[in-house]
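Asker: Below are the structure tokens for one structure; questions will follow.
The values are calculated or read from the model by the stated rules, or taken from the named source; none is laboratory data. These numbers were taken from a predicted model, which means no experiment stands behind them. FYI the Cβ positions are ideal-geometry reconstructions off the backbone, even for glycines, and counts take in every protein chain you see.
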Amino acid sequence: MIGVGIVGLGMALKPHALALRDLTAAGRVRVVGGAAPSAERRAAFTAAWGWPTFASVEALLAAPGLDLVLILTPPATHLPLGEAALAAGRHILVEKPVEWDAARATALADGVRRAGRVGAVVFQHRFRPAARRLKQVVAEGALGDLLSCSANIRWWRDEAYFATPGRGMKARDGGGVLLTQAIHTLDLLLHLAGPVAGVRGIARTSPLRAIDTEDMAAAALRFTSGAVGAVDATTVARPGFPERIEIAGTRGSAVLVAERLDLHIAGQAPEVIDHGSAGGGGADPMAFDHGPHRAMILEVLDAIEAGRAPSNDIATGLPVQRLIEAWLRASDSGREEAP
């Protein structure tokens, strides 16, 4: 069994822990323990999950039988923590975004490559069954040439969410709605529709909360394929609505609303895959099923055992960060910017 350790025992922990509990029962992993500087969080972790804890990252990295480290800490910590884990000979899985900015994210991806280890990023939306089906349909060309590829992320975050010190501030999170919330859907859009050649965008901060990052953003996208698209992303849409991706091609179209896919291909009966349209778009950002997390971690385990790169390799998380940075530059410049 692959030995797994966790660094960071905060909000992001629950779906990972649920997935690891399933995989432990299936005989795929052994949880070595979790590390956090907070004694309170360590005690809560052991009480909830029954796994050991470590007061320092160094102690966890030195633990025998450790193979894979899940890094679930704020973005700006991912590079130093990832480098430390790689230097200790461990594989890594980092929460989104890969890092605070694209330059540091690229540095971590380069470090994974030099170390010859598996390095993956947490973009679990790629592993939802409906998203996997849509990826297959697009890859097979069933929709024809892509023409219009758009996304809508109208979420809500309440006062309690922003009560955490530093949340929504660039110094802690690196960005606002684009880097922290909408990044999952933006990544999935790129995963499905391919790279973006240019973006014209707007990003603003609403008067609802005292933060220095954007909580409202809109953009027009020009894909390298020739397709065009529009994206609307916000966390001011009370009470929060399921994220939506729409793709239209020369032979058909698809609408993906959270985990429900409606597929319309010329000459074929409509296809519906419905695993629910709820998600983490409302006040509780963790209100979603952990099944995609389990599938994502399984992909990483399989990659480690096979000695290959996982489909969610850290390098695959770079395009969305570059798009977000180009979007914000476009908001400042008023011009189209290239990622």
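Asker: Please state which one of Arg167, Arg113 is part of a loop (DSSP other than H, G, I, E, B) and of a type in the set (Lys, Arg).
Answerer: Result of the check over Arg167, Arg113: Arg167.
Asker: Okay, moving on. Taking the stated definitions as given, is Gly201 at positive phi and buried (at least 16 other Cβ atoms within 10 Å of the Cβ)?
Answerer: Considered against the rule, which asks whether it is at positive phi and buried (at least 16 other Cβ atoms within 10 Å of the Cβ), Gly201 comes out as no.
Asker: Does region 170-194 hold any residues that are touching a strand residue (DSSP E or B) at 6+ places or on another chain (Cβ under 7 Å) and in a loop (DSSP other than H, G, I, E, B), and which are they?
Answerer: Within region 170-194, Ala182, Gly194 meet the criteria.
Asker: Still on this structure, please answer the following. What tally of residues in region 293-325 results from selecting those that are aliphatic (A, V, I, L, M), surrounded by 22 or more Cβ atoms within 10 Å (Cβ to Cβ) and within 22 Å of Ala151 (Cα to Cα)?
Answerer: Count: 3.
Asker: Please pick out the residue among Arg209, Arg238 that is out of contact with any helix residue (DSSP H, G or I) (no Cβ under 7 Å at 6 or more places or on another chain) and basic (Lys, Arg).
Answerer: Arg238
Asker: For region 6-55, what are the residues that are charged (D, E, K, R) and in contact (Cβ under 8 Å) with a residue 40 or more places away in the chain?
Answerer: The answer is Lys14, Asp22, Arg28.
Asker: Looking only at region 197-255, count every residue that is closer than 22 Å to Val177 by Cβ and hydroxyl-bearing (Ser, Thr, Tyr) and tell me the total.
Answerer: 5
Asker: Could I ask something else about it? Could you tell me which residue of region 220-276 is surrounded by the most Cβ atoms within 10 Å (Cβ to Cβ), considering only residues that are over 12 Å from Leu134 (Cβ atoms) and of a type in the set (D, E, K, R)?
Answerer: The residue in question is Glu243.
Asker: If Thr180 satisfies all but one of (1) of a type in the set (Ser, Thr, Tyr); (2) under 24 Å from Ala248 (Cβ atoms); (3) in contact with an Asp or Glu (Cβ under 7 Å, 6 or more places away or on another chain), what's the number of the condition it fails?
Answerer: Tallying (1) of a type in the set (Ser, Thr, Tyr); (2) under 24 Å from Ala248 (Cβ atoms); (3) in contact with an Asp or Glu (Cβ under 7 Å, 6 or more places away or on another chain), Thr180 fails exactly one: (2).
This table checks each residue for (1) out of contact with any Pro (no Cβ under 7 Å at 6 or more places or on another chain); (2) crowded, with 16+ Cβ neighbours inside 10 Å.
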{"residue": "Gly33", "(1), (2)": "no, yes"}
{"residue": "Ala39", "(1), (2)": "yes, no"}
{"residue": "Arg42", "(1), (2)": "yes, yes"}
{"residue": "Ala47", "(1), (2)": "yes, no"}
{"residue": "Phe54", "(1), (2)": "yes, yes"}
{"residue": "Gly65", "(1), (2)": "yes, no"}
{"residue": "Leu68", "(1), (2)": "yes, yes"}
{"residue": "Thr77", "(1), (2)": "yes, yes"}
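Asker: Criterion first (in the same structural domain as Ala151 (by TED's automatic domain parsing) and farther than 26 Å from Lys135 by Cβ) does Ala210 satisfy it?
Answerer: Here the answer is yes, as Ala210 does meet what is asked.
Asker: State all residues of region 143-162 that are surrounded by fewer than 18 Cβ atoms within 10 Å (Cβ to Cβ) and either aliphatic (A, V, I, L, M) or more than 29 Å from Met11 (Cβ to Cβ) (or both); if no residue qualifies, say none.
Answerer: Scanning region 143-162 gives Gly144, Asp145, Leu147, Ser148, Ala160.
Asker: Still on this structure: Report every pair of residues separated by at least 6 positions or lying on different chains whose Cβ atoms are under 7 Å apart, first residue within region 93-114 and charged (D, E, K, R), second part of a loop (DSSP other than H, G, I, E, B).
Answerer: Glu95/Ala12; Glu95/Leu72; Glu95/Val122; Lys96/Val122; Lys96/Phe123; Asp101/Gly174
Asker: Go through region 287-318 and report how many residues are closer than 17 Å to Val112 by Cα and not charged (D, E, K, R).
Answerer: Count: 15.
Asker: When you scan region 120-163, how many residues do you find that are touching a Gly at 6+ places or on another chain (Cβ under 7 Å), under 30 Å from Ala87 (Cα atoms) and outside any loop (DSSP other than H, G, I, E, B)?
Answerer: 1
Asker: While we're here: Working only within region 287-327, note down all residues that are in contact with a Gly (Cβ under 7 Å, 6 or more places away or on another chain) and in a helix (DSSP H, G or I).
Answerer: Ile314, Ile324, Trp327
Asker: Within region 248-272, which residues are farther than 18 Å from Leu147 by Cβ, in contact with a strand residue (DSSP E or B) (Cβ under 6 Å, 6 or more places away or on another chain) and in a loop (DSSP other than H, G, I, E, B)?
Answerer: Residue satisfying the conditions is Pro270 alone.
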